[in-house]
1. Please work out the C-alpha center-to-center distance from the stretch 73-103 to the stretch 161-204 and express it in whole Å.
2. Please give the FRET efficiency for residue 142 paired with residue 65, using the beta carbon to beta carbon distance and R0 = 25 Å, rounded to the nearest 0.05.
3. Subtract the Cα-Cα distance of residue 132 and residue 166 from 0.36 nm times their separation in residues, and report this length gain in nm to one decimal.
4. On a full-extension model of 0.36 nm per residue, what is the gain between residue 102 and residue 55, subtracting their alpha-carbon distance, rounded to one decimal in nm?
């Protein structure tokens, strides 16, 4: 197994993960949660693909599929959301922004669309605009936990970790034990090299029946960064659908940004 602590700093590696998943799972993880563990190419209960769960090959296939659907009717909200998610998974973040910008024009008050627009902007490195978009989608009288977690992910990406963690805690009040929020919080602790806290939070996230494959990979990442290869291997063996080799799994994780 690769020793990540010798090749990349925790901050450098996790920033790759955050960027590759539209601020990670941070952001990809903040899509509507599926009813069970998500596997490669999973689709959420809301019908939107989870970009961080797509392999490169699946991302290319999803781009082709949803490009056709979007081309037939660019006003179709589902087609726009899925096309943008596929583009982000394929690394085409600028094009994803363009798709979601047009979707936001057609759906100016839709919080799901505005959240996805914010994620696309963040994945493209446009953090200021991403924050403004996500905050515009939020409602003080009826806050949305996914938007709070998305905003937290953006703040983590620009180094405002304390502010980000306050948002994650607010989100957990609205959705106690939600693994996607816990995943963001765990990665936030990795960014500041607080690996013990990161492990504790990610273990809780990974224990949830709603935990995605990426969340379990992130736990294995933290164990590896702590120099605990035996436990890392056990965590990797526990990953659902882990048919590929251990080396392939870690290569994919490292290249997710």
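Quick note: the coordinates plus some simple rules give every number you see, no bench work behind them. The shown structure was predicted, so the numbers you read here are calculated from the model rather than taken from an experiment. Heads up, the Cβs are rebuilt from the backbone with ideal geometry, glycines too, and the neighbour counts pull from every protein chain shown.
1. Using only Cα atoms, the two centres lie 28 Å from each other.
2. Numbers: r = 34 Å, r/R0 = 1.36.
Rounded to the nearest 0.05, the efficiency is 0.15.
3. Values: separation 34, 0.36 × 34 = 12.24 nm, distance 1.79 nm.
Extending this stretch completely gives an extra 10.5 nm.
4. On the way: separation 47, 0.36 × 47 = 16.92 nm, distance 2.65 nm.
The residue 102-residue 55 span can extend by a further 14.3 nm.
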